[in-house]
Amino acid sequence: LSGEGVLNYNNINYSLSPHTIAIIDCNSYHYYKSSSEDPWVFRWIHFNGLSAKTYVDLINDDKFSIIYALDHSFIEKVFQNFMNLGQVNDIYHSLCASSYISDILLHALKSKFNNKNDKKHTYHKKDIDTVISFIHSNYHKSINIEDFISLIHISKYHFIRVFKQYMGITPYEYLINYRITQAKILLKNSQGSISEIAFAVGFSSESNFIKQFKQIVSTTPLNYRKTSW
């Protein structure tokens, strides 16, 4: 509703700004926190049911993404109606609860495919997928935004904006998160030193690697290795 937060889901950080929606599988590792000096105000609901997976698969498609709500006031109204149901568990109140949850999920689905969201989810999807594939293949090398632009031939600032709208983070943040994910695998499964792993995943210095790792994972690479073995 207001402020700004960060959602870490599947080892990637996503920015959540006002009037955005994120639908996650709570069985997958995740955490979220405020990232703004302004209080982060948000609504959440934990749901399950026969249709839950169908809705989530439709909304998230083949890749998790942040959705901009078509009408945030509508969602807030539905939430208020949901909260006003109280804790009564009879059939009538259960049906009302299911209806409200469906209203929210349907609105998220419609929002995804409206012009504002659909443009970034379809028109630029090929460009974004190209860059993501490039990162996955070259994360261990020295790469920058100019390398991405040479692949897709659109303006730098437009690409950064579209990428963040689609992925919830900037291309640079995605690159850093992916490098950290690969570093975690090496920390768990290799005997390489912290310095060797830092260079192996594309960091130019051990100190920068430790700083970025601690910022994302909330612990140092060495402590992560000790707790993982």
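Observations on the structure shown:
- Single residue of Tyr139, Tyr178, Tyr172 found to be touching a His at 6+ places or on another chain (Cβ under 9 Å) and of a type outside the set (Asp, Glu): Tyr178
- Just so you know, in the stretch 194-209 the residues that are open to solvent by less than 30 Å² (accessible area, probe 1.4 Å), among the aliphatic types (A, V, I, L, M) and closer than 27 Å to Leu151 by Cα include one that is farthest from the chain's Cα centre (by Cα), and it is Ala198.
- Residues satisfying the stated conditions in the stretch 32-44, i.e. open to solvent by less than 80 Å² (accessible area, probe 1.4 Å), touching a Phe, Trp or Tyr at 6+ places or on another chain (Cβ under 7 Å) and not in a strand (DSSP E or B): none
- Once the stretch 125-136 is narrowed to residues that are open to solvent by 60 Å² or more (accessible area, probe 1.4 Å) and without any contact (Cβ under 8 Å) to a residue 40 or more places away in the chain, the residue that is farthest from Thr20 (Cα to Cα) is Ser133.
For (1) open to solvent by 30 Å² or more (accessible area, probe 1.4 Å); (2) in contact (Cβ under 8 Å) with a residue 12 or more places away in the chain, each residue gets a yes or a no:
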site	(1), (2)
Leu1	yes, yes
Tyr14	no, yes
Glu76	yes, yes
Gln87	yes, no
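- Residue in the stretch 137-193 that is nearest to Asn208 (Cα to Cα), counting only those that are open to solvent by less than 40 Å² (accessible area, probe 1.4 Å) and among the charged types (D, E, K, R): Arg179
- For the stretch 45-64, a tally of residues being outside any loop (DSSP other than H, G, I, E, B) and open to solvent by 50 Å² or more (accessible area, probe 1.4 Å) returns 4.
The values are calculated or read from the model by the stated rules, or taken from the named source; none is laboratory data. Note that the structure is a prediction, hence the values are computed from the model and not measured. We place every Cβ from the backbone using ideal geometry, glycine too, and count neighbours over all the protein chains shown. We work out accessible area using only protein heavy atoms, side chains counted, and drop any ligands, DNA or RNA first. Shrake-Rupley method; radii C 1.70, N 1.55, O 1.52, S 1.80 Å.
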